[in-house]
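The next block holds one structure in the form of structure tokens; read it before the comments.
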Amino acid sequence: MCESSDILGVYRNGAIELVDPVDWAEGSHVRVTLSRGPVHPIGGGVSKVIIAGYGLPGRCVAEFCDQAGIDCVVIERNGETVRSQGALGRKILEGSGSDDSVLRQAGIRSADVYAITMPVESSALAAVEAARRLNPNIYIICRTQYASRGMEAVRLGANEAIKSEQVVALHFFAKMRDRIENAVSASR
């Protein structure tokens, strides 16, 4: 594996983009070796993440952790999901993301990030409080349905709240903007 100081560029959109300018003569031959896995952790010092909830948002966070080489533990209430994912090698515990004993078993005291992705707002808010109490330094990202509950999550100790209604509103805005811009372009 390369050291980060050996990285000259990245492959994007069919070409290799160099990170820094070089003084190579035009037409210089270059040997390219692909690295396997992340060259340096994407997480920037994050070594352990706990995820509460293994629906689509939780799975997305877990996939990111897997790709970045970050250790993650999932907490999930659905026993069948716990059994099937455990059989596939996923570190997963059955229980509540707000239960002190489950959080301790997941390693809350040594975790860097707690991603609370479960859909039930009251459970998510309780998970914020429990995590903040057990690890005052952990970075907490909490999912909520409504902006008002997102503000409450931050008041309770979340560093960030992802508010579903706000995400939907932004997507509607973008789709409307794109539709109007396309209609204007087509009329020219």
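The values are calculated or read from the model by the stated rules, or taken from the named source; none is laboratory data. Please read all numbers here as calculations on a predicted model, not as lab measurements. Reconstructed Cβ throughout: ideal geometry from the backbone, glycine too, with neighbour counts over all protein chains shown.
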Residue list for segment 62-78, restricted to those being within 21 Å of ALA131 (Cα to Cα) and loosely packed, with under 15 Cβ neighbours inside 10 Å: ASN78
So GLU121, is it surrounded by 16 or more Cβ atoms within 10 Å (Cβ to Cβ), of a type in the set (D, E, K, R), in contact (Cβ under 8 Å) with a residue 12 or more places away in the chain and touching a Ser or Thr at 6+ places or on another chain (Cβ under 6 Å): yes
When residues of segment 102-124 are filtered for being more than 17 Å from the chain's Cα centre (by Cα), under 20 Å from THR81 (Cβ atoms) and assigned to a helix (DSSP H, G or I), how many remain? 5
Which is out of contact with any Lys or Arg (no Cβ under 7 Å at 6 or more places or on another chain), closer than 21 Å to CYS60 by Cα, assigned to a helix (DSSP H, G or I) and touching a residue at least 40 places away in the same chain (Cβ under 8 Å), of ALA158, ALA127? ALA127
Taking segment 133-151 and keeping only residues that are out of contact with any helix residue (DSSP H, G or I) (no Cβ under 7 Å at 6 or more places or on another chain), in a helix (DSSP H, G or I) and surrounded by 17 or more Cβ atoms within 10 Å (Cβ to Cβ), one is left with GLY150
Going by the conditions given, is ARG59 part of a helix (DSSP H, G or I), free of Cβ contacts under 8 Å to residues at least 12 places away in the same chain and closer than 24 Å to GLU165 by Cα? yes
Among the residues of segment 134-145, count how many are out of contact with any Gly (no Cβ under 8 Å at 6 or more places or on another chain) and more than 21 Å from VAL46 (Cβ to Cβ). 1
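A quick yes/no check of all residues on (1) farther than 28 Å from ASP71 by Cβ; (2) of a type outside the set (A, V, I, L, M, F, W, C):
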{"position": "LEU88", "(1), (2)": "no, no"}
{"position": "LEU93", "(1), (2)": "no, no"}
{"position": "LEU103", "(1), (2)": "no, no"}
{"position": "SER123", "(1), (2)": "no, yes"}
{"position": "LEU134", "(1), (2)": "no, no"}
{"position": "GLY157", "(1), (2)": "no, yes"}
{"position": "GLU165", "(1), (2)": "yes, yes"}
{"position": "LYS175", "(1), (2)": "yes, yes"}
{"position": "ALA183", "(1), (2)": "yes, no"}
Filter pass, GLY107 being farther than 17 Å from TYR139 by Cβ, small (Gly, Ala, Ser) and at pLDDT 95 or above: no
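Yes/no matrix, rows are residues, columns are (1) modelled with pLDDT of 95 or more; (2) among the aliphatic types (A, V, I, L, M); (3) crowded, with 19+ Cβ neighbours inside 10 Å; (4) within 28 Å of ALA130 (Cβ to Cβ):
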{"site": "GLY27", "(1), (2), (3), (4)": "no, no, no, no"}
{"site": "GLY37", "(1), (2), (3), (4)": "no, no, no, no"}
{"site": "VAL49", "(1), (2), (3), (4)": "yes, yes, yes, yes"}
{"site": "LEU56", "(1), (2), (3), (4)": "yes, yes, no, yes"}
{"site": "ARG59", "(1), (2), (3), (4)": "yes, no, no, yes"}
{"site": "GLU80", "(1), (2), (3), (4)": "yes, no, no, yes"}
{"site": "GLY95", "(1), (2), (3), (4)": "yes, no, no, yes"}
{"site": "LEU103", "(1), (2), (3), (4)": "yes, yes, yes, yes"}
Residues that are in contact (Cβ under 8 Å) with a residue 24 or more places away in the chain and part of a strand (DSSP E or B), drawn from segment 79-94: ILE92
Being in contact with a helix residue (DSSP H, G or I) (Cβ under 6 Å, 6 or more places away or on another chain), at pLDDT 95 or above and basic (Lys, Arg): is that true of ARG155 here? no
